Amino acid sequence: MSYITGPEIVKYACTCGLLKPLPELYFCRHCSQIRCSFCLCHAVDSFFCGKCSENIPSAEARHKKNRCANCVICPSCQQELSTRVASKGPINPDDAKSAVKKSYYLSCHFCHWTSRDVGIPDQPSATGCWPERENVHINRLQEVLDVYQDIMLSQQQQKENSKKKRGKFVSYTDRTGVTASALRRRIGIPDIPHAKIKKPKPLDPAIAKSEVEELPEDIFTEPLKLMEITTIDQRLMQPESQPLTVDKLFPIHKQLTIKRSLRCRTCEHNVCKPEYNPTSVKFKIQLFAYYYIPEIRFVTVEPLRAGQTSELIIKFTNPTQHQTTITIFDLDLEEQEKYVEEQKLFDIIDNFEQAMSLEEKQQLSLPSLVMSSGSQPSSMYSLQSRQPSVIVKPRKINQAVNCNVAIPESTFILPPRDDAAEYDDSSDVHNIEDDPKLVKWRKSNKAFIKLAVTPAADLKIDDEVVCGFTMQHIYTNVIPAIVENMPHKYDHKVRVFFRLGKIVGSE
Amino acid sequence: MQRNNIKVIPGALVCEESKLRGDITIGAGTIIHPNASIIAEAGPIIIGENCLIEEQVKIIHRLPFDQQNKDTTPVLIIGSHNVFEVDCTVEAPKIGNHNVFESKCFVGNKVTVSNGCIIGAGCKVTEEQILKENICIFGSNCQMRECIDKPAVSTRKQLLLI
């Protein structure tokens, strides 16, 4: 685990220009590009409670304010509370046969907080309908919420009205493009304002007071009892009441957890899709870069001295079922800059073309417009060009490199991954001819590579040394939809950065 | 070399593999698991009734540096119904009744433990203080809170073990 959570020594550059360690990256098989969580479209798949693993529909989750109805957490330490049995004596002590009366209370195994601490009475049933705390400001909050809802409705209507006036080619923001008023027009009913929508009633504004309650006199004289005062965390867990003292801490409903799916913004294919069942930790689709891009791990480096060449050893691992050839190129950050500029240019051209085509369409559809005098084409147009998400523009890689890597002239081969190889000692023979200057050692799908690195001459002691190169590997595409018969192979390049460590003093 | 002087009151269960050094008295009903070490370095240790001392527990009677070289030999009295869970280190000079020392906790030799306290798993308490009754220390930041009543685990746990 320390490898995943540990220091980020080797970082890969995402297509969008951000640097991330390999386990945090995804690989879109359809675009054959690396994607990171910033350039993917996130969508909530399902809500569930992490304790009882109950799946909760999104409407219900919203209604319950994204909290589980049954599970509660400790207000003192935010761990999950468990129900405990407290058996009181028999109901009538004289009759030996009478059943023992059981009662239940909540207790935290971690900080030993119990529901008895704050005087919540024990419940007769284990599932416990624990008393809910009423928010003292509920009426006011409801009022404010209602008013905002009204404002929202009236604004929506206004927008529709204004669209009707302007008429032509404004695409609806609604995803469907078919709103109530558009439908009315389509079936030929005159568009009348919705009867239900009234003008929002203005709310009584909150009044600012300059007079506040005086501090109690004993505040400076009484010794502070830290045991009785809640911490900031405890207060913020209960935003409605924000209790000042520990005797007002009440159990909190557990917040729901989500499962999310990730989608490539460019091709709209799913990159990561979990299984719906909350108890399952598996994925339906999991295109993690870890499964497609050769993994590079830092092995060792000689002490780094400014201007002197040191030997760096790194390990390459091929995670795929296909043999790959790795070539190391210069980092060439200028190329990336160019790419960024190009993308910007494309964007401008795209926008321009879009604007042109829009105008053309406008001109084309003008006659029909005059006849139908409705905004039907606009809604049709909006239906066609459904752009689901904003495409993240690539940016410059923001990482300075202060160490030169001698680019090797030869390439090397990584054999495919073989799960059985670990248990098989005999198959350690390779028929691969390696450049002994480059490959130090290899085993199954791994190869240890020797590189010469030279930190810049102007570095001082304790300066962080960062080097990088472009790795090219052969990516084998195996999607049947794209490939007909033969696996389709092509070169994929990725920029890799290393934090080698600090400059040490002279010998 | 100090001579070992160990008194075990009938009813106690002391495993042979446990490491006992110095003058130690063990009360009735107390269970000492194998590989627990009790070291009476500065003076005798008296352990009360129905205590549970689990594996790898270290109870060390060691005085702070500023209190050494005194004529009187202090006695470490550990009360009844205390639970020392696996791999905790306790050097407290005085321990009351009904305390729970959870796994891998550390109590320094300047901390006096009264009654009904719970030192949470992994918590380190070293600052000079007297823990009030029913104090519970928990979490990675050693948060402190006051419980309403004594922890009721000790007797049940022992019953399970026997």
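Determine the pairs where a residue that is within 11 Å of chain B (Cβ to nearest Cβ), located within segment A:216-229, has a partner that is assigned to a loop (DSSP other than H, G, I, E, B) and of a type in the set (Lys, Arg) with Cβ atoms under 9 Å apart, the partner being 6 or more residues away or on another chain.
That search, which allows pairs on different chains as well, returns A:MET227/B:LYS132.
Search segment B:100-126 for residues being touching a Pro at 6+ places or on another chain (Cβ under 8 Å) and within 14 Å of another protein chain (Cβ to nearest Cβ), and hand back the single one that is nearest to A:PHE110 (Cα to Cα).
The qualifying residue nearest to A:PHE110 (Cα to Cα) is B:ILE118.
Applying the selection to segment A:73-96, what residues are among the β-branched types (Val, Ile, Thr) and at pLDDT 90 or above? Spell out the reasoning first.
Just the residues of segment A:73-96 that are among the β-branched types (Val, Ile, Thr), to begin with: A:73, A:83, A:85, A:91.
Correct list: A:ILE73 only.
With the structure loaded, tell me whether A:CYS272 is under 20 Å from the mean Cα position of the chain (by Cα) and surrounded by fewer than 18 Cβ atoms within 10 Å (Cβ to Cβ) or whether it fails that test.
No; evaluated as a whole, the condition is false for this residue.
Give me a count of the residues in segment B:127-148 that are surrounded by fewer than 19 Cβ atoms within 10 Å (Cβ to Cβ), part of a loop (DSSP other than H, G, I, E, B) and more than 9 Å from chain A (Cβ to nearest Cβ).
6
What are the residues in segment B:55-66 that are out of contact with any strand residue (DSSP E or B) (no Cβ under 6 Å at 6 or more places or on another chain) and not aliphatic (A, V, I, L, M), if any?
B:GLU55, B:GLN56, B:ARG62, B:PRO64, B:PHE65, B:ASP66 - these are the residues of segment B:55-66 that are out of contact with any strand residue (DSSP E or B) (no Cβ under 6 Å at 6 or more places or on another chain) and not aliphatic (A, V, I, L, M).
Is at least one residue of segment A:215-226 touching a helix residue (DSSP H, G or I) at 6+ places or on another chain (Cβ under 9 Å) and at pLDDT below 85?
Within segment A:215-226, none of the residues are touching a helix residue (DSSP H, G or I) at 6+ places or on another chain (Cβ under 9 Å) and at pLDDT below 85.
Please count how many residues of segment B:3-16 are more than 16 Å from B:ILE59 (Cβ to Cβ) and outside any strand (DSSP E or B).
Within segment B:3-16, residues that are more than 16 Å from B:ILE59 (Cβ to Cβ) and outside any strand (DSSP E or B) number 5.
All but one of (1) assigned to a strand (DSSP E or B); (2) within 14 Å of chain B (Cβ to nearest Cβ) hold for A:CYS272; which doesn't?
(2)
Among the residues of segment A:231-248, how many are at the interface with chain B (Cβ under 10 Å from one of its Cβ atoms) and over 30 Å from the mean Cα position of the chain (by Cα)?
1
Quick one: A:THR300 ticks every box in (1) loosely packed, with under 14 Cβ neighbours inside 10 Å; (2) outside any strand (DSSP E or B); (3) out of contact with any helix residue (DSSP H, G or I) (no Cβ under 6 Å at 6 or more places or on another chain) except a single one, so which number is it?
Condition not satisfied by A:THR300: (2).
Go through the residues of segment A:257-267 one by one and say whether even a single one is under 30 Å from A:CYS49 (Cβ atoms), at pLDDT 90 or above, in contact with an Asp or Glu (Cβ under 9 Å, 6 or more places away or on another chain) and among the β-branched types (Val, Ile, Thr).
Scanning segment A:257-267, I find at least one residue that is under 30 Å from A:CYS49 (Cβ atoms), at pLDDT 90 or above, in contact with an Asp or Glu (Cβ under 9 Å, 6 or more places away or on another chain) and among the β-branched types (Val, Ile, Thr), so the answer is yes.
Exactly one condition in (1) modelled with pLDDT of 80 or more; (2) in a loop (DSSP other than H, G, I, E, B); (3) more than 30 Å from B:LYS150 (Cβ to Cβ) is not met by A:THR176; state its number.
(1)
What number of residues in segment A:303-346 are outside any strand (DSSP E or B) and among the aromatic types (Phe, Trp, Tyr)? Give the derivation first.
Applying the first criterion (outside any strand (DSSP E or B)) to segment A:303-346 yields A:303-309, A:318-323, A:330-346.
Checking which are among the aromatic types (Phe, Trp, Tyr) leaves us with A:339, A:346.
Count: 2.
What residue, of A:GLU8, A:GLU60, is out of contact with any Leu (no Cβ under 6 Å at 6 or more places or on another chain) and under 30 Å from A:VAL465 (Cβ atoms)?
Going through A:GLU8, A:GLU60 in turn, the sole match is A:GLU8.
The values are calculated or read from the model by the stated rules, or taken from the named source; none is laboratory data. Keep in mind that this is a model prediction, so the values were computed, not measured. Virtual Cβ from ideal backbone geometry, glycine too; neighbours counted across all protein chains shown.
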